[in-house]
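Engineer: Take this structure first; my questions come after.
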Amino acid sequence: MFGAHLICYFLYLGFGGYRVRKVKLGWRGPEVSEICFGGLAISPLQGKVSEQEGVNLLKYAFERGITWVDTAEIYNNYSRIALALLQFPDVKVVSKSYAVTAREMKLSIENARKKLNKDIVDIFLLHEQESAHTLKGHEGAWQELQEAKSKGLVNWIGISTHAIAGVRAGALQPGLDIIHPLLNYQGLGIIDGNLQEMLKAVEFAAELGIGIYAMKVLGGGHLAKEAEKALAFVRNIEGVQALALGMSSQDEIDYNLAVFAGRDISRELRNRLKLQKRQLFIADWCQGCGSCLSVCPQGALHLDQKVSVDQKACILCGYCGRACPHFCLKII
Ligand code: SF4
Ligand code: SF4
């Protein structure tokens, strides 16, 4: 078995004295920084930062040695990334699409190339593939991804998934280079089993040489109070090479860089992060199943067709996030 720590090496990058570890994503993937900028946090979907603030945050991160950004067609933030890339053309971009057919995937790739102003999209993933059955249903889109790779429009291809079955199916998918699985120390958001089963699936994929970078390491903000423990847990998983971390302030970027460099975090930075305003965010893909309502100790959640939150009543305890099978509830 190969491990993250056997295939990574250290490079000095950026300024500010930070040291960002560079890693190779699996046997076939690119060299990237161990931290990937999670682009959802600077998207209009979460609405935390303006377009210009998003661009500035990306540039701030790239100047400090973060060499790639994760986004998706649905995040609607290609223009922010494109603006930041003007100054950092070598930064790599991952995007994802829910395309089902070959035609839909072709359009998704063209859309990404055009709006990102990139001839080649570095990594392109099928978004949220939860099993072999889901992948089979997206066969047309997968074939188009392979075609795009053979034409040099995309360099590496793969899937993102919240499911153990998704990781196992992805590992066996012909031509797949990279899997972006949900991983955190409480197993929050895994839709078809527990953390131990997810770790076994990741180990299986890693043994086949698949590049793996984790998402939801902080459980959608629900583990933010124990961020160092949460980050350390995923960094120590054999076969996981990198982590996508959503960051919507310079302080969050500084904090993550310091943790990854093994540097002390100043009391001032910790205090500023504690004071950072947070709130419960409900993703627009809420299915209205109602599972989250009964676990809220404050009665802060209400259901019409979708769930809504009374922000004044919400104490950010995070219980609801654990109850949502679709990972719709995040503390941001
Ligand atoms: S974070 Fe806690 S208080 Fe807020 S809505 Fe969820 S369960 Fe209720
Ligand atoms: S559990 Fe998730 S999908 Fe169901 S109502 Fe709550 S937020 Fe929506």
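The values are calculated or read from the model by the stated rules, or taken from the named source; none is laboratory data. Note that the structure is predicted; figures quoted are calculated from it, not measured. Glycine gets a Cβ as well: all are built from the backbone with ideal geometry, and neighbour counts include every protein chain shown.
Engineer: Only one of (1) within 16 Å of ligand 1 (Cβ to nearest atom); (2) farther than 28 Å from Tyr60 by Cβ is not met by Gln287, so which one is it?
Structural biologist: (1)
Engineer: Continuing with this model, one more query. So for region 284-300 (the condition being in contact with a Gly (Cβ under 7 Å, 6 or more places away or on another chain) and more than 10 Å from ligand 2 (Cβ to nearest atom)), does at least one residue qualify?
Structural biologist: No: region 284-300 contains no residue that is in contact with a Gly (Cβ under 7 Å, 6 or more places away or on another chain) and more than 10 Å from ligand 2 (Cβ to nearest atom).
Engineer: OK, next. Would you list the helices (runs of 4 or more DSSP H) that sit entirely within region 67-184 and hold 3 or more residues that are under 26 Å from Gly220 (Cβ atoms)?
Structural biologist: Those helices (runs of 4 or more DSSP H) span 78-85, 102-116, 132-137, 164-172.
Engineer: Of all the residues that make up region 305-332, how many are hydroxyl-bearing (Ser, Thr, Tyr), within 10 Å of ligand 2 (Cβ to nearest atom) and within 24 Å of the chain's Cα centre (by Cα)?
Structural biologist: Going through region 305-332 one residue at a time, the tally reaches 0.
Engineer: Residues Val91, Val49, Val20: which one is modelled with pLDDT under 95, in the same structural domain as Met247 (by TED's automatic domain parsing) and more than 28 Å from Cys328 (Cβ to Cβ)?
Structural biologist: One residue alone meets the criteria, Val20.
Engineer: Another one. Out of region 66-88, which residues are of a type in the set (Gly, Ala, Ser) and touching a strand residue (DSSP E or B) at 6+ places or on another chain (Cβ under 7 Å)?
Structural biologist: Scanning region 66-88 gives a single hit, Ala72.
Engineer: While we're here: Right, Val240: within 12 Å of ligand 1 (Cβ to nearest atom), on the phi < 0 side of the Ramachandran plot and of a type in the set (A, V, I, L, M, F, W, C) or not?
Structural biologist: Against the criterion (within 12 Å of ligand 1 (Cβ to nearest atom), on the phi < 0 side of the Ramachandran plot and of a type in the set (A, V, I, L, M, F, W, C)), Val240 does not qualify.
Engineer: Next question. Name the one entry in Leu293, Leu188 that is over 28 Å from Ser50 (Cβ atoms) and not assigned by TED's automatic domain parsing to the domain that holds Arg28.
Structural biologist: Leu293
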